[in-house]
Every structure is written in C-alpha cells, then in structure tokens.
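S.K.: Take a look at the following structure, please.
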C-alpha cells in the first residue's frame with residue numbers, strides 16, 4: 001500500500017474541565033438527525049458520558065469501530081482514587097452493551113467528526129463545550145492508504161452478524177422486489 | 001406529529017395501581033404553553049378547593065417544560081405542582097438536573113400522580129414500560145442514597161431518579177424532592193409525595209424529541225450559546241460579584257460572602273452582623289470551600305456551573321447548589337465547615353434549605369425566651385451545632401418537639417401559643433422567606449413579595465437591578481447594551497431612579513411604573529416555568545440570553561405554532577391569572593398579601609395600599625385581588641369566571 005498525506009483530526013478530552021452537562025451528547029444527536037437538527041435523543045449520540053457524579057466520574061467517550069464480538073475487558077482501573085470499569089472507556093459498538101447502537105434498529109454508531117458540506121469548523125460537541133473540556137486539533141500525517149468501508153456496509157455487516165447473511169440477503173431481495 | 005412536546009401524559013393512580021398513557025390536548029399548548037401552565041390547568045380542572053394536600057384526590061404532577069429535552073440550552077427544569085400542606089395554596093416547586101429531559105425522551109411531558117399507595121412504592125418509567133415497584137426496602141433511606149440504590153437494583157446507571165428522604169416519608173411540611181444535583185424544596189412537595197406512599201420516580205428514555213423548524217431552532221440555540229460566552233467575558237459592572245454573571249448565584253464558585261454574611265440575617269432571620277466578614281474569616285472559609293468542593297457541575301445541556309460536588313471527610317459525597325451552604329451556617333451562628341457538614345444530612349433527609357434552618361433557630365429562640373423549656377428538648381446537647389443536628393433528627397422523625405416544628409414556624413407557633421407567634425416573624429402566607437431585613441421600602445419588591453404566587457422572592461425577581469446605580473454615567477453605560485427590555489421606556493425608568501432625594505424609594509418607581517416592572521419580571525418567570533428553561537439563563541440574572549424578543553422564535557421554531565411577543569405575553573398573563581384564581585378559590589385574600597411585618601423598617605401604609613390597588617388594576621383584578629369576569633373572559637378563562645361565580649367569589653353585577 002502507498003503512503004498518502006492525510007488530515008488527522010483529534011479531540012483532546014480534559015476531564016477536569018467537564019461540568020457533566022451532556023451538551024456534547026445533545027448536540028451530536030441533533031446534528032446527525034435527518035433532517036439535521038430535527039430531533040434530539042442522546043441515545044443516538046456518537047459521544048456519551050461515562051458519568052457517576054457522586055464518584056466525581058465524568059468522562060466523555062467517542063463511538064469507535066463496530067465489533068461483532070465482545071471482548072474480555074472486565075478489568076478495573078483506579079486513577080486518582082477513582083475506580084473505573086475498563087469497559088466504560090471502550091469506544092466500540094459491541095454486542096455486550098446498548099452503548100453506541102441506534103436505540104430502535106440496533107445499528108452501530110460511529111463518530112465521524114461531523115463531516116459536513118460545507119465543512120464545520122469543529123465537530124459540534126467541541127463547539128458546544130464552551131468549558132473547553134473538548135479541544136479540537138488537526139494535523140497532517142503520512143499514513144498508509146486504506147480502504148474505508150462505508151456506513152451502509154458497516155450496518156449490513158452488523159445485521160449479518162446478528163441474523164446471519166442468508167437472512168439479510170433474503171430480506172433485501174424481498175424488499176427490492178417490493179419497491 | 002407533535003413538536004417540542006411529546007403530546008402524552010402518564011397518569012398513575014397509586015390507589016388502584018392503574019397506569020395510563022393519555023394524549024394531551026394540543027390546544028392547551030397555544031393557551032398555557034406547557035410545564036407550569038398546563039400543570040395549573042390540570043389542578044384547576046381536577047383539584048377543587050375542598051381537596052386538601054393530604055387527600056388521595058390531591059394530584060402530584062411532575063412536568064417537563066415545553067422546550068425540555070430540546071437543544072435549547074438550560075431547558076432542563078422539572079416543575080412539580082400540587083397543593084401545599086403548609087400554605088393550603090398551589091405549590092409549584094421546580095428543579096433542574098436531568099429528570100425532565102429524560103422524561104421527554106421516555107415519551108412523556110408529565111407524570112400525574114393521584115391516589116395513595118398503602119405500602120411504600122417507587123415508580124419505574126422505562127420508555128413505554130411503566131411499573132409500580134415495592135420500596136419497602138428503601139424505607140428510611142436517604143434521598144441521595146435511594147437514587148443510587150434504585151439505579152443499582154434496576155441495573156440502569158443512566159436512569160435519573162427523583163426521591164424523598166425521611167422527611168418526605170414522615171410528611172414534614174417542608175420536605176423536599178431530591179434529584180441528582182437539584183431539588184424541589186419549597187412548599188412541602190416532598191410531604192405530598194410521602195403521603196402518597198411514593199418513595200421515588202426513576203425514569204429512563206431513549207426516544208426522540210422533535211422540533212418543527214430545525215434550521216431556525218438551531219440558529220436560536222447557537223445565539224444563546226454565543227451570548228453566554230459574551231456574558232462570561234463581560235460581567236456587569238457597578239454591582240456586587242453575585243449579580244455580575246449568569247446562572248444561579250455562583251455560590252459554589254465564589255468565596256466572597258461579604259454581601260450575604262453582612263447583609264442577610266443570622267439566627268431566625270434575626271440579627272445582622274455588619275462586621276462579620278474579616279480577612280481571617282475569608283481566608284478560613286475559602287480554604288474550607290476549596291477543600292470540600294471537588295468539582296463545579298451543571299444541569300442537563302447547560303454550560304453554567306452552578307452546582308458543586310461536595311465531599312466532607314467522614315460523610316458520603318453529595319451535590320449542592322446555590323445558597324444552602326449559608327442558610328444552616330447563619331441560622332446556627334456557626335461557620336462554613338458546619339454548613340457543608342449539616343447540609344449533607346439535610347440533603348439525605350430531604351428538607352428545604354430555607355424553612356428548616358429557620359425553624360430550628362426559631363425553636364432555640366423560644367427556648368431562650370422561656371416559651372419552650374428544657375423539658376421540651378430532652379437530651380439535647382448544649383452546643384449550638386449539636387443542637388442543630390439534634391433538632392434536625394427530631395424534625396425529620398417527627399419525634400417530640402420535632403413533630404410540632406415539622407410544620408414550619410407559623411404552624412408551630414400556633415400550636416405552642418404563649419406568644420410564640422411573635423417569633424414566627426419571617427413568613428408570607430405561612431411560608432418561610434429569605435432571611436432578609438432592610439431599611440427603606442422598595443416599591444417593586446413590596447409588590448413582588450406580597451403578590452407572588454410562588455411565595456418566594458428569588459422566583460419572582462430578576463432583570464431590573466435591585467438598587468439604583470450611583471451615577472448617571474454608570475446608568476448610561478448599563479442601558480447601552482440592554483437588549484432584554486420589552487420596551488425602551490424601562491431604560492428611562494432606570495435612568496431616572498436615584499438612591500436618595502427626588503425619584504428615590506419608596507416614592508419612585510411610582511406605583512404605575514412599579515406595576516409595569518413587576519409585570520416584566522413575572523412575565524419572564526412565567527414563560528421560563530412553562531417552557532422549562534432555567535431562570536438562571538433567563539428571568540433571574542441581569543442581562544440574560546433568553547428574553548421576550550427571542551423567546552417567540554424558540555416557541556414557533558420548536559412547536560410549529562406561531563407565537564409573537566404579544567401572544568406569548570398573553571399566554572404568560574393567562575397562566576399568572578389562572579394560578580391566582582386557584583389560590584383565590586382556595587381562600588387567599590388581599591389580607592394575606594403582605595410582607596413580613598419587619599421586612600422593612602420604614603413602612604408607608606398609604607403608599608402600600610396604592611401600590612396594591614394599582615397593581616391589581618394593572619393585572620385585571622378587582623380591589624380584593626380577584627380577577628374580574630371581564631378580564632377572565634379576555635384571557636380565554638371564561639370557565640374560571642363561571643366557577644368563581646358559582647362559588648359566590650365573583651358576583652355577577
């Protein structure tokens with residue numbers, strides 16, 4: 001594979017500055033609604049707070065890759081006297097939990113840094129975090145070219161993992177004949 | 001499809017265990033908006049004046065506001081309405097936090113509770129699935145503890161739970177409902193919940209809330225966020241630190257308590273300590289606050305940080321908002337370390353941070369005066385702080401003297417007699433007020449104290465500065481970017497207002513101007529409380545992001561129902577009138593509309609009469625403070641006029 005120049009988009013999360021308001025969740029779900037901003041539902045958000053106020057735990061976590069199988073990650077971390085479940089840090093849309101799955105369809109969600117046309121200056125969660133717990137940065141890096149699979153493919157893959165590819169093909173065929 | 005609101009109420013009868021999802025009338029949204037307004041309509045229709053607070057037929061309504069759960073920043077308030085055991089009038093206590101938006105995501109605008117459960121239960125609302133569950137294992141548990149236990153047993157860390165503590169279970173007349181960092185504290189709503197046998201409501205929702213015009217709506221929301229940033233960089237000049245910024249008073253952030261500790265009263269709203277705030281105190285209090293405050297926190301979808309996570313060594317963590325750090329401190333003549341420690345217990349017990357400390361200080365005053373004796377306080381420690389802990393325990397358990405004190409100072413004084421009435425000196429309509437005693441009567445505040453249905457000044461005041469600015473230059477600077485005024489004339493009123501001499505309190509603002517100012521402030525609170533937007537971003541602070549000019553656009557873009565400044569103002573006045581009618585029907589009269597006798601040292605009976613006369617007239621009420629038939633009809637409240645006529649409260653002339 002050849003090397004290509006790519007803009008790497010990163011968000012630095014400073015948990016000490018987080019006030020726990022969940023505006024990041026709210027605005028993310030609204031931005032990704034169809035049409036844009038027409039609905040709000042934090043359950044559809046691609047950023048969720050790992051949140052336990054009485055234990056002073058406020059950690060925003062971004063949705064990452066879909067995974068068909070759960071992992072062994074049931075360990076605990078103690079950081080500055082606060083105990084965290086390892087699972088809570090994980091970005092994966094995984095079958096062991098409802099996190100980062102659409103609430104009605106169960107399809108996986110993934111942060112896309114609010115790709116938009118024209119492009120947004122920053123992802124919406126960063127724009128709405130005026131306490132600066134979320135800081136957006138871009139840098140250019142040389143990376144190996146890779147083939148990105150699109151959202152539809154990820155969605156169908158997760159359905160195939162859940163129901164079997166035959167069932168999905170059968171359903172799609174039936175649906176396409178109807179329409 | 002309904003926009004902004006879900007269009008559904010959850011009706012729960014605890015006597016029969018019946019639960020129903022009922023579609024609401026879309027016409028009500030135009031007339032009463034939602035939240036407080038539609039709560040009032042339901043109470044008017046379904047809770048006639050014969051029904052008392054602890055009747056099974058009294059309703060306890062938990063409502064989100066019309067904009068609750070939308071992207072509108074700070075639209076997170078839950079409005080809890082019922083009949084108050086303490087005042088006998090409508091109680092509408094409110095809280096921020098995360099409960100109301102979660103209720104919207106579960107698919108409901110309101111939960112309407114009626115009846116009584118024979119055993120202690122809690123309600124579990126999980127989208128369409130609603131269960132009444134046994135809570136016998138939660139009996140006696142703290143309000144904060146209960147929230148955690150319920151989330152654990154449901155295995156739902158994302159649920160939000162509103163719960164009562166021991167005070168609510170034992171029907172203390174100033175028991176609160178606690179939820180996360182917030183609480184509904186005033187007027188005894190927690191006692192009604194306890195009387196219904198309802199320990200808690202847990203809610204979890206994963207559904208959508210829709211808005212009608214998304215592009216317009218997000219534009220308005222971004223405007224609010226931009227203005228919040230602007231105000232953070234531009235605090236108001238020429239006012240005390242507490243008035244400079246948005247949000248609730250920033251009690252968790254600020255260390256400078258000179259204004260409260262030297263201006264407000266200590267003990268049972270009794271003594272001012274003008275020399276209290278010294279460098280030594282400031283140093284000590286700053287270090288206490290820094291050591292116990294772990295983080296500044298907010299409510300749902302709001303960038304402010306009005307609350308604090310508090311961790312006192314040896315006590316479980318809890319969350320605090322606003323002023324309760326000082327109410328216990330000052331009632332006990334103690335210090336901030338004591339305030340933070342006892343507030344932890346008080347939050348778990350679930351009691352109101354104004355009424356409770358004042359009632360305890362009142363009891364100790366009666367002991368000192370010999371009206372109560374040592375025999376009334378068996379086993380009470382001798383130090384003041386120990387006495388406060390002891391009294392708090394007796395009150396929430398309704399043991400001994402605590403049973404009498406649990407009804408608040410007014411009713412306790414009635415029960416004790418022997419001149420105790422004189423010591424219950426800080427009430428309006430039987431409800432404890434801010435511990436504040438002042439010199440010269442302020443006509444605007446006089447009206448707000450006397451006539452506010454909330455019976456709580458902090459939920460009525462705002463917008464217009466509490467005092468005139470000293471120089472013309474400072475006034476001109478203030479009005480330069482005062483975009484929130486409903487009309488330019490308010491700028492002139494402010495420019496003309498002097499600290500002394502001509503155009504000063506109490507003669508200025510004149511009764512006519514005072515009525516207009518009160519109307520402006522009330523209007524904004526009534527809109528906030530219907531839409532579920534926090535007063536801390538709207539009606540309470542100076543120069544807030546929400547105001548009468550952008551609110552109609554939020555309403556229209558959110559709901560798809562056309563609303564302009566006039567129709568929105570009309571809806572706010574309709575709600576204000578409807579709540580007045582509920583209270584009038586419950587026996588409230590002009591004679592009840594007075595501040596605590598000693599609130600101002602300098603009083604002016606004739607002027608005060610003129611103020612009330614002019615304000616009532618401005619409101620469309622007669623000289624008794626009762627809405628006239630003509631005005632009720634103009635407000636689309638003809639059904640209210642009919643009922644008041646039938647009851648002989650309004651005479652058909």
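No lab work stands behind these numbers, since they all come straight from the coordinates. All values derive from a computational prediction rather than experimental measurement. Cβ atoms come from the backbone with ideal geometry, glycine included; neighbour counts cover every protein chain shown.
S.K.: Based on alpha-carbon positions alone, could you give the equivalent ellipsoid semi-axes of chain B from the gyration tensor, as √(5λ), descending, whole Å?
M.R.: 32, 31, 26
S.K.: Tell me, rounded to the nearest percent, the portion of alpha carbon pairs in the stretch A:3-145 spaced more than 17 Å apart.
M.R.: Pairs farther apart than 17 Å: 65 percent.
S.K.: Run the helix sum for chain B: -39,500 (n - 2.57) per DSSP H stretch of 4+ residues, divided by residue count, reported at 222 nm to the nearest 500 deg cm²/dmol.
M.R.: The helix-only estimate for chain B comes to -12000 deg cm²/dmol at 222 nm.
S.K.: Then there is this: Fewest first, what order do B:553, A:139 take by the number of other Cβ atoms within 10 Å?
M.R.: Listed from fewest to most nearby Cβ atoms, that is A:139, B:553.
S.K.: Using the C-alpha gyration tensor of the protein assembly as shown, what are the square roots of 5 times its eigenvalues, in whole angstrom, with the largest one first?
M.R.: 45, 30, 29
S.K.: Calculate the spin-label point distance for residue B:240 paired with residue B:27, positioning each point 7 Å from the Cα along the beta-carbon direction, and give it in nanometres.
M.R.: 4.8
S.K.: Right, something else. Calculate, for residue B:136 and residue A:74, the FRET efficiency according to 1/(1 + (r/R0)^6) with r their C-beta to C-beta distance and R0 45 Å; round to the nearest 0.05.
M.R.: That gives a FRET efficiency of 0.85.
S.K.: Per the Kirkwood treatment, what hydrodynamic radius in Å, one decimal, follows for the stretch A:124-178 from the mean inverse distance over all distinct Cα pairs?
M.R.: So the Kirkwood estimate lands at 15.4 Å.
S.K.: At a Förster radius of 51 Å, what calculated FRET efficiency corresponds to the Cβ-Cβ distance of residue B:482 and residue B:156, to the nearest 0.05?
M.R.: Between residue B:482 and residue B:156 the formula returns 0.65.
S.K.: With a 10 Å Cβ neighbour count serving as the proxy for reagent exposure, in which order, fewest first, do A:159, B:10 appear?
M.R.: A:159, B:10
S.K.: So for the stretch B:8-204, what percent of the C-alpha to C-alpha distances run longer than 28 Å?
M.R.: Looking at the stretch B:8-204, the distances longer than 28 Å represent 15 percent of pairs.
S.K.: If you don't mind, there's one more thing I want to ask. Could I have the simple spin-label model distance between residue B:1 and residue B:230, label points 7 Å from Cα toward Cβ, reported in nm to one decimal?
M.R.: 3.2
S.K.: Based only on Cα atoms, what Rg/Rh ratio does the stretch B:298-455 have, Rh being taken as Kirkwood's radius?
M.R.: Rg/Rh for the stretch B:298-455 comes to 0.99.
S.K.: Also: Residue B:647 to residue B:55: extension gain in nm, 0.36 nm per residue of separation minus the Cα-Cα distance?
M.R.: Computed gain between residue B:647 and residue B:55 is 211.0 nm.
S.K.: Could you give the length gained on full extension between residue A:86 and residue A:160, defined as 0.36 nm per residue of separation minus the Cα-Cα distance, in nm?
M.R.: 23.9 nm
S.K.: Ignoring everything except DSSP H segments at least 4 long, calculate the 222 nm mean residue ellipticity for chain A; use -39,500 (n - 2.57) per segment, divide by total residues, nearest 500.
M.R.: That calculation yields -7000 deg cm²/dmol at 222 nm.
S.K.: PRE reach from residue A:65 (point 7 Å along Cα→Cβ): which of the stretch A:143-169 fall under 18 Å by backbone N?
M.R.: From the stretch A:143-169, the list is A:143-162.
S.K.: While we're looking at this one, here's another question. Report the per residue volume, in Å³, of the convex hull enclosing the C-alpha atoms of the stretch B:316-402.
M.R.: 91
S.K.: Out of all DSSP beta bridges in chain B, what portion is antiparallel? Express it as a percent rounded to 5.
M.R.: 80
S.K.: Can you tell me the length gained on complete extension of the stretch residue B:128 to residue B:383, counting 0.36 nm per residue apart and subtracting the Cα distance?
M.R.: Full extension from residue B:128 to residue B:383 adds 86.5 nm.
S.K.: Follow-up. Tell me the angle of helix A:165-178 to the major Cα principal axis of chain A, expressed in degrees between 0 and 90 and rounded to the nearest ten.
M.R.: Compared with the principal axis, the helix lies near 70 degrees.
S.K.: Calculate, in whole percent, how much of the Cα-Cα pair population of the stretch B:450-531 lies beyond 15 Å.
M.R.: 59
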